[in-house]
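**Q** Please see the structure below; I have some questions.
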Amino acid sequence: MDSVRSADRAGGPNRVGYLPDRDQTLMKLVVAGPFGVGKTTLIRTLSEIATLHTEEAMTETGRPVDDLADLPEKSTTTVAVDFGRLTLPGNTVLYMFGTPGQRRFFPLWQDIARGALGALVLADTRRLADSFEIMDMVEEQGLPYAVAVNRFPGSPDHPPEVLRAHLDLHSATPLLLCDARERGSSLDALIALAEHVLDTLPVGLDTHEGQ
């Protein structure tokens with residue numbers, strides 16, 4: 001979805017007009033992170049359309065593989081994909097694809113990430129080490145990424161420079177603090193990723209519709 005063009009510019013009575021008829025920058029972005037880090041919440045907070053979620057109830061059978069030690073209120077988990085859309089000023093349209101965080105869903109993660117231009121990796125200060133494997137996967141896919149530390153109530157609070165060192169982030173990788181339930185800080189994180197993606201795109205790659 002890094003380059004999408006309209007099949008019908010002329011319009012017509014059966015045309016689906018959910019996007020404006022003008023040049024746009026279209027970006028497929030992955031929202032990734034370990035189990036229970038807030039990916040579904042962030043997409044629901046930001047999306048301008050009704051979001052698609054594939055959540056299932058947690059069961060006793062899953063307890064041996066899904067660690068709920070720091071997630072006492074979590075009762076559902078994404079088993080396929082979350083999807084939302086956000087249009088930014090300047091006609092940049094972000095398509096957000098949330099991915100499951102458990103290792104058993106990693107093959108699905110790779111399928112969802114195909115064609116993406118970048119990834120927003122969510123992290124939780126109560127279990128920062130859980131984000132390492134996700135960042136490794138993103139880097140193996142060759143995706144530029146930003147890290148957003150989701151602030152949970154009662155979670156440890158660390159300065160950005162300490163978080164950056166602990167996560168071993170490259171100096172060019174954006175690092176932000178956010179609350180996935182709050183639109184402003186979540187939007188800042190997603191915009192930082194979009195800007196980072198645009199800065200790292202190869203010269204000549206077209207992400208515009210209708211050129």
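**Q** Residues in the stretch 165-181 near a label at Asp136, defined as backbone nitrogen under 18 Å from the 7 Å Cα→Cβ point?
**A** The answer is 166-170.
**Q** Still on this model: If packing is taken as the mean number of other Cβ atoms within 10 Å per residue, what is the order of 116-125, 83-92, highest first?
**A** 116-125, 83-92
**Q** Further, regarding this structure: Given 0.36 nm per residue, what is the gain on full extension from Phe106 to Asn91 after removing their alpha carbon distance, in nm?
**A** Contour length minus Cα-Cα distance gives 2.2 nm.
Readers should treat all values here as calculations from the given coordinates under stated rules, not as data from a laboratory. Bear in mind that the values here come from a model prediction, so they are computed numbers and not experimental data. In this analysis, Cβ positions are derived from the backbone assuming ideal geometry, glycine residues included, and neighbour counts consider all displayed protein chains.
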